[in-house]
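Structure first, then comments.
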Amino acid sequence: MQSLTNRSENVNRSPMTFAERIYIPEIAKGMAITLKHFFKKKVTVSYPDETRPFSPVFRGLHVLNRDEEGRERCTACGLCAVACPAEAITMEAAERLPGEENLYREEKYAAKYEINMLRCIFCGLCEEACPKDAIYLSETVTPSDYARKKFIYTKEDLLIPNPVTEPEAYKEALGKNQPTTAGSLK
Ligand code: SF4
Ligand code: SF4
């Protein structure tokens with residue numbers, strides 16, 4: 001039968017030699033290959049005890065940022081939700097009341113802010129769209145879970161600790177991927 005490609009090879013059906021029949025040279029060859037790999041640098045890591053370093057441009061969980069006075073930066077303008085290609089962001093805006101100037105930086109704030117991490121593709125467009133440096137993607141990996149509703153991150157989950165009342169927790173939450181303008185007033 002004519003072959004479809006020119007890559008076919010004829011099978012060698014010649015009788016085995018004495019060396020092939022006793023297998024010892026082949027076993028020795030196999031052991032030599034094993035020994036060679038034994039001294040090579042390991043490419044595997046013992047996850048989760050060890051983790052590989054992430055790329056400097058890795059994008060993980062979102063953080064809703066505050067300004068240096070601890071006020072929420074988000075003004076619920078909705079630009080992040082509009083920019084999101086996965087339609088993962090929802091929010092509800094509310095008016096700041098007199099006496100709440102120390103809580104919210106702008107006259108309008110997000111009373112409710114949610115991100116569906118099952119929809120999110122971690123593209124970072126929400127961070128780029130935000131005019132207030134209110135949201136950025138940290139280097140934290142989204143933890144796995146069994147329940148779908150655990151992946152709906154609310155404002156309470158996303159909001160960074162207050163830098164005035166919890167400076168240590170704030171610094172830790174900023175992480176390595178902090179925005180260049182973190183803490184600055186725009
Ligand atoms: S990272 Fe991308 S997909 Fe995820 S919420 Fe932001 S804009 Fe949407
Ligand atoms: S996070 Fe930024 S873009 Fe999104 S609603 Fe708040 S201020 Fe607007």
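Here are the numbers for the structure shown:
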| read-out | value |
| --- | --- |
| Out of GLU9, GLU26, sole residue that is acidic (Asp, Glu) and part of a helix (DSSP H, G or I) | GLU26 |
| Per-region count, the stretch 60-101, residues buried (at least 19 other Cβ atoms within 10 Å of the Cβ), part of a loop (DSSP other than H, G, I, E, B) and touching a residue at least 40 places away in the same chain (Cβ under 8 Å) | 6 |
| Selection count where residues are within 14 Å of ligand 2 (Cβ to nearest atom) and in a loop (DSSP other than H, G, I, E, B), scope the stretch 121-135 | 6 |
| Test: GLU114 is acidic (Asp, Glu), within 16 Å of ligand 1 (Cβ to nearest atom) and assigned to a strand (DSSP E or B) | yes |
| Any hit, the stretch 49-57, residues being under 30 Å from ALA93 (Cβ atoms), surrounded by 10 or more Cβ atoms within 10 Å (Cβ to Cβ) and touching a Gly at 6+ places or on another chain (Cβ under 9 Å) | no |
| Extreme residue, farthest from the chain's Cα centre (by Cα), among residues of the stretch 144-186 that are at pLDDT 90 or above, assigned to a loop (DSSP other than H, G, I, E, B) and surrounded by 10 or more Cβ atoms within 10 Å (Cβ to Cβ) | VAL164 |
| Pairs with Cβ under 9 Å, 6+ apart, first in the stretch 121-144 and polar (S, T, N, Q), second within 6 Å of ligand 1 (Cβ to nearest atom) | THR142/CYS120; THR142/PHE122 |
| Members of the stretch 71-92 that are more than 8 Å from ligand 2 (Cβ to nearest atom) and either of a type in the set (Lys, Arg) or in contact with a strand residue (DSSP E or B) (Cβ under 7 Å, 6 or more places away or on another chain) (or both) | ARG71, GLU72, ALA88, THR90, GLU92 |
| Yes/no for ILE115 being among the β-branched types (Val, Ile, Thr) and near ligand 2 (Cβ under 8 Å from one of its atoms) | no |
| Leading residue by the ranking (surrounded by the fewest Cβ atoms within 10 Å (Cβ to Cβ)) among those in the stretch 102-116 that are aliphatic (A, V, I, L, M) and touching a strand residue (DSSP E or B) at 6+ places or on another chain (Cβ under 6 Å) | ALA111 |
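The values are calculated or read from the model by the stated rules, or taken from the named source; none is laboratory data. Please read these numbers as outputs of a predicted model, since none were measured by experiment. Backbone-built Cβ (ideal geometry, glycine too); neighbour counts: all protein chains shown.
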